[in-house]
Amino acid sequence: QINSNASLTVSLAQTTFCKKHKYDPQNPLCAHIIFCGSVVKVNDSEVGLAKKALFSRHPEMESWPKDHNWFFAKFNITNIWVLDYFGGLKIVTPEEYYSVKP
């Protein structure tokens, strides 16, 4: 409620990739991405989609106690940094990130 800023780091060290290639998790070749932004409560028009997204992946959460004042939030990404090689970070804009086709 006071500071909604947040960051999330995801690393290839969480997979078998780095171990398979014998990369130390701190080696830049064991790539990681850092998302920065803010966590905000979803508005009324987004609640339905948020519930569907969360409960389809974590159905047990639907029965969690209602009196714990849970609410649905989203991560508004403002900065993305990729460290996947020597020489520093690469900056990816949120627009570039969201426009990539899987």
Open item on the list: Over the chain, with a Gaussian network built from C-alpha contacts below 10 Å, which listed residue (F55, F17, F72) shows the highest mean-square fluctuation?
Closed with: F55
- [ ] Spit out the partnerless Cys residues in the chain, using Cβ distances under 4.7 Å as the pairing rule.
- [x] C36
Open item on the list: Within the chain, what whole-number % of the accessible surface is contributed by carbon and sulfur, with the 1.4 Å probe and all protein chains included in the calculation?
Closed with: 58 percent
Task: Surface accessible to a 1.4 Å probe, L89 within the full protein complex, Å² - done: 90 Å²
Open item on the list: Given an 8 Å cut-off on Cα distances and at least 6 residues of separation, report the relative contact order of segment 1-74 as a percent.
Closed with: 31 percent
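If you stretched the chain out fully between I34 and V47, how much longer would it get, using 0.36 nm times the residue separation minus the C-alpha to C-alpha distance?
Here the segment from I34 to V47 would lengthen by 2.1 nm.
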- [ ] State the label only: which of [x] 14.6; [y] 16.3; [z] 15.7 corresponds to Kirkwood radius over Cα pairs in Å computed from the shown model?
- [x] [y]
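The values are calculated or read from the model by the stated rules, or taken from the named source; none is laboratory data. Source: prediction; values computed, not measured. When we count neighbours, we look across all protein chains shown, and the Cβ atoms used for this are built from the backbone with ideal geometry, even at glycine. What goes into the accessible areas is simple: the full protein's heavy atoms, side chains included, and nothing from ligands, DNA or RNA. Shrake-Rupley method; radii C 1.70, N 1.55, O 1.52, S 1.80 Å.
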